[in-house]
Number of protein chains: 2
Amino acid sequence: MDDESCDMRGMLGFLILFLVSKKPMHGKEIADEIAKRKGEKPSPGTLYPAIKNLREAGFLDEEKEGKTITYALTPSGKKALTVAKRKFCKIFLGVFP
Amino acid sequence: MDDESCDMRGMLGFLILFLVSKKPMHGKEIADEIAKRKGEKPSPGTLYPAIKNLREAGFLDEEKEGKTITYALTPSGKKALTVAKRKFCKIFLGVFP
DNA sequence: ATAGTTATATCGGTCATCCGATATATATAA
DNA sequence: TTATATATATCGGATGACCGATATAACTAT
């Protein structure tokens, strides 16, 4: 999710940001959507720390209702996603058919 | 580059495999192509171990000419790339405009 | 021959990602 | 109330990605 360096390590965060941008979701929904795409559900020990990072970076807002927390992009998160998406498309140009 | 798990950590290897599939290249060319796409050239300490992994996995053939080594996909590498590409597209469906 | 450049490669260390197991808190059911 | 399920969260440990520095080997000057 950074700018510089050759880092490909932010893909999970990027994917979460992208999914939430299409529709505000809570953690379970995010996990299910990733499972549908990847074929394997991320373990809680994978997903929630990633969400926490995005929250602490100011990219996600949370709205608690009972035990579920619905996440949505902040304006800063929207901006970060736009930048990250542009970068992603440039890096992987030609991979998509 | 694996099959199971929710691992997004093999993106560099995937990208190398994809680039080499379009045209056999040596390490320097791969680094330059990544630099063009990413905006930052991977350090040798990043690139060559990644190439080595792919070679040891049987996905890359090498042909030495003087000091340069040209890498090309093996049949097994082609197969792996096809699988990885299909998975990649499914995961990131909708990210590309 | 000697020096410099280029391509490939390894090493040490840091951090992110990931999983499985476990913990907490809320809601639902018996 | 007590048990069970659900959603969120943390912990320990493993591995991958990454950089900077350094090493080797082969060309290319001078």
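Relative to the longest principal axis of the Cα atoms of chain B, the long axis of helix B:27-38 makes an angle of roughly 40 degrees. Placing a label point 7 Å from Cα along the Cα-to-Cβ axis, B:E62 is separated from the same position in the other copies by 4.7 nm, shortest listed first.
According to the Cα-based calculation, Rg over Rh for chain B is 0.97, with Rh computed by the Kirkwood formula. P(r) tail for the protein assembly as shown: Cα pairs beyond 20 Å make up 58% of the total. Here is how far apart the B:G39 label points are across copies: 3.3 nm, shortest first, using a point 7 Å from Cα toward Cβ. Averaged over the residues of B:90-97, the number of partner chain Cβ atoms lying within 10 Å of the residue Cβ comes to 6.
Estimated purely from DSSP H runs of n ≥ 4, each contributing -39500 (n - 2.57), the mean residue ellipticity at 222 nm for chain A is -18000 deg cm²/dmol once divided by its residues. For A:K78, the label point sits 7 Å beyond Cα toward Cβ; its separations from the matching points on the remaining copies run 4.7 nm, from shortest to longest.
For chain A, with a Gaussian network of springs between Cα atoms less than 10 Å apart, report the residue from A:I51, A:I69, A:I30 with the top mean-square fluctuation. Greatest mean-square fluctuation among the candidates belongs to A:I69. Legend: mean number of C-beta atoms from other chains within 10 angstrom of residue C-beta atoms, peptide A:75-88, equals 1. Chain A residue nearest the rotation axis toward B, with distance: A:F96, 2 (Cβ to axis, whole Å). Only protein heavy atoms count here, probed at 1.4 Å, and on that basis chains B and A bury about 2900 Å² of accessible area in total.
The values are calculated or read from the model by the stated rules, or taken from the named source; none is laboratory data. Everything quoted here is computed from the prediction, not taken from an experiment. Counting neighbours? That spans all protein chains shown, and the Cβs are built from the backbone with ideal geometry, glycine included. Accessible surface is based on the protein model in full, side chains and every heavy atom, while ligands, DNA and RNA are left aside. Shrake-Rupley method; radii C 1.70, N 1.55, O 1.52, S 1.80 Å.
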